[in-house]
Amino acid sequence: MAFFRRYCRNRNYVTGPGRVYEFFIRGHNAGESLMCGIIGYANADARNIAVPLLEGLSRLEYRGYDSAGIAVSGTDLTVYKHSGELEMLIERVPESGPSGAVGIGHTRWSTHGPPTDENAHPHTDCTDRVAVVHNGIIENARGLRRALEANGHTFDSQTDTEVIPHLIEAELDRSTAPETAFRNAVSQLEGSYAVGALIEGEAAIYATRHRSPLVLGLGDEWYYLASDVPAFLEYTNRVIYLEDGQVATIRPNALTVTNEDGSPTQPLAETVDWDTNAAKKGGYPHYMLKEIYDQPTAIEWCLRGRVGTPTDSVAIRSMEPLDRPEQIHFVSCGSSHHASLYGAQLLRERGIPAYAFLASEYDPGSIPIDDGTLVVAVTQSGETADTLYALSGAMEAGATTVAVTNVVGSTAARKADHTMYIRAGPEVGVAATKTFASQLVALSMFSSTLTDSWTPSLKQALCDLPGQIQQILDKSTMESIATDFLGSDAFFFIGRSYNAPVALEGALKTKEITYEHAEGFAAGELKHGPLSLVTDETPVIALWTAGADPAAMRTNIREVAARGAPVVVVTDSPGSAPEVADRIDVVPKTHPWTSPVLVNTSLQLFAYRIASALGRPIDKPRNLAKSVTVR
Ligand code: M6R
């Protein structure tokens, strides 16, 4: 990225907001068709439009980083694309930049065809008059391709996306006007897509979406188009979220949006209240570490206006119309599933039958669902395909639905009957950190409100959390403990009750970013199989805080110590920690419901330190994506 910084610094380009570019590079992870990042920019005064496009892509790399490309429409249509990370593309774009007032770009995470130059976006038609970037999967691509090939079109890539420029080309060949050609082409697509297109000779970006996110950033006489707000948040926080089927025609000085049937519409511009600094690396070596350190603020945001002082009433506006359901199903994946396990437990204890399902395994056809069932989709991105699919199934089966999400205007937020935002701010690192912490906090508020069971002690504990997390961040011993166990064969995490989901989360975080073997267990399960893996080369991180059955947990810790495993106890009561502990990491005392948030902070530091010592690409773990929009 040094070149990128130099490239931009040397140029002093004035961009849309009328100020000199300041470059900050965000590392992150992943995206092709479905998990990809789209950027578009329209500005008649842009001196080198490649600059905002490349900068936007650098902020979207978390959606995809195995190839990237840009296209610019000026006198000609110019396309640059390259396999590999963004630096490779930057090397390929000439320093003078292509001239033009509108451009599109893409960063890809492969789903159709390997990450080659040919499969990188933008894709073009036979005559290079049309350039297209796309997120999503075109389910009928094979049929469309066969029909186009039968009509003489030739294809360069293995992607599903390439049918789109050819469909537009076919329309243009029939002398269809450009916007109509775009509309007619996308009307033939089945599947999920966010699409941006340029047509030679037209100073316009044509864009649409269907089940894949696309947002417009509004400036004075300039516009951004992107898959996600952080791509342009530095320059504007005024946004329009496109609805499924809407078509936007974005010109340097004019924006029109039309509905699927072509009728004009004036979508509401919204203001995103994210702090732009929250989307930057802020001096930390990795986004993940920054986001771990963001947690005190993230939790303050989550609580703000909902829980003030312990005696304040709690307001969760989106929940006001909810009746107490007969049963609750959580649907979610990965870290969000771990948060859901915690949420379900709280609700069961408050008398509501509640179950956490892996969204990918949720089958409404095999589970009784009626209008007394509340289905809660927990998803930080609001775009996870498995979770959205489960949510759709639940809606069709007649359930009332709630999305618990971080992203305003995300698909889950728009789809569900009710939404509770976790307000963690943008999370760029692939590993969920502050969003997981905020999910725990949000779900504790959710369950207390739904069951009308708030207590002053829980309110106090929630209010104390930001300060207590800060204490851990300031004084944790976990990082030095982690260094002592580098080179171990595997890491096991065990916990009971509210700490069982945190044990799973600690292991997920460790394996995800360190590439080391790690497993998490409800501690009582060890003796039913996993104990055979335990040796003196497998440290066991045991969670020992209020809320779990101490006698049973003590037994489980002794079981692993007896097999020679080094034992690290994370505890709020060092005085009562089992005597077999080799190392003790102390977290502040709190309410049993809030304890998992503190314990988890320690586990995040443990995973981060090991990954850092091993030199792993922490913000971009191999094979992973931030937004998993494939099933
Ligand atoms: O955006 P979501 O919360 O729906 O994402 C779900 C999982 O993909 C996500 O939590 C994943 O497990 C994280 N990378 C874990 O750190």
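The values are calculated or read from the model by the stated rules, or taken from the named source; none is laboratory data. Being a predicted model, the structure only gives us computed values, none of them experimental. Glycine also receives a Cβ, built like all others from the backbone with ideal geometry; neighbour counts cover every protein chain displayed. Protein only, heavy atoms only, side chains kept; ligands, DNA and RNA dropped before computing areas. Shrake-Rupley method; radii C 1.70, N 1.55, O 1.52, S 1.80 Å.
Could you tell me the relative contact order of the chain? Use alpha-carbon pairs under 8 Å, at least six residues apart, and round to a whole percent.
Values: 1545 pairs, mean separation 75.5, N = 631.
Computed value for the chain: 12 percent relative contact order.
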Check: What are the ³J(HN,Hα) values, in whole Hz, obtained from phi via the Karplus relation 6.51 cos²θ - 1.76 cosθ + 1.60 with θ = phi - 60°, for each residue of segment 567-575 in sequence order, with x given for Gly and Pro?
Finding: 10, 10, 9, 9, 8, 9, 9, x, x
Note to self: Rounding to the nearest 10 and keeping the result within 0 to 90°, find how far the Cα-based axis of helix 550-562 lies from the longest principal axis of the chain.
What the structure shows: 80 degrees
Check: In Å², what does the accessible area per residue of the chain work out to with a 1.4 Å probe?
Finding: 35 Å²
Next item on the list: Could you please report the charge total around ASN237, scoring K, R as +1 and D, E as -1 over all other residues with beta-carbon less than 13 angstrom from its beta-carbon?
Entry: -3
Notebook entry, point to check: From the backbone phi of segment 115-130, what are the Karplus-calculated ³J(HN,Hα) couplings (6.51 cos²θ - 1.76 cosθ + 1.60, θ = phi - 60°) in whole Hz, Gly and Pro given as x?
Noted result: x, 10, 4, 5, 7, 5, 8, x, 9, 10, 8, 5, 10, 6, 8, 10
Check: Going toward the positive end of the dipole of the chain, with +1 on Lys and Arg Cβ and -1 on Asp and Glu Cβ, which of PRO578, LEU440, PRO252 do you reach last?
Finding: PRO578
Notebook entry, point to check: For ASP371 and GLU260, what does the FRET efficiency come to when R0 = 25 Å and r is the distance between their Cβ atoms, rounded to the nearest 0.05?
Noted result: 0.25
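Given the -39500 (n - 2.57) contribution per DSSP H run of 4+ residues, what per-residue ellipticity at 222 nm results for the chain, rounded to the nearest 500 deg cm²/dmol?
Details: 17 runs with 197 residues, N = 631.
That calculation yields -9500 deg cm²/dmol at 222 nm.
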Next item on the list: Excluding residues fewer than 8 places away in the same chain, name every one of the lysines whose C-alpha is closer than 26 Å to that of LYS620.
Entry: LYS81, LYS280, LYS281, LYS290, LYS434, LYS509, LYS511
